[in-house]
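The values are calculated or read from the model by the stated rules, or taken from the named source; none is laboratory data. In this text, all values refer to a predicted model and were calculated from it rather than measured experimentally. Cβ atoms come from the backbone with ideal geometry, glycine included; neighbour counts cover every protein chain shown.
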Amino acid sequence: MDNSKIGRFEGSRYYRYWVGGCRCGSGKPGREFFDARGIYCGITCDACRKDNQSRWAPGVMTDPSYAASEAVDED
Ligand SMILES: [Zn+2]
């Protein structure tokens, strides 16, 4: 893996964004991906997106009402 291709987060602790290549080392531009509830799931790209999504249960990426293990404060 060529680490020079891998990007990093820039910005502040409150607003950060990924700049550069994906963490998988493909050299393709990486971007943050989120599940259906907007929970941060990692960095992905065209090369590894399918692999990343397959790590999550069906529905997690598409259905906001999926069963969550942590309590959600609706207030
Ligand atoms: Zn990737």
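Quick grid of which residues meet (1) under 12 Å from the mean Cα position of the chain (by Cα); (2) more than 7 Å from the ligand (Cβ to nearest atom):
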site: Ile6; (1), (2): no, yes
site: Cys22; (1), (2): yes, no
site: Ser26; (1), (2): no, no
site: Ala36; (1), (2): yes, yes
site: Cys41; (1), (2): yes, yes
site: Cys48; (1), (2): yes, no
(request) Kindly list, by first and then second residue, each pair from a residue in region 44-66 that is surrounded by 10 or more Cβ atoms within 10 Å (Cβ to Cβ) to a residue that is part of a helix (DSSP H, G or I) and at pLDDT below 80, limited to pairs with Cβ atoms under 6 Å and residues at least 6 apart or on different chains. (result) Met61/Gln53
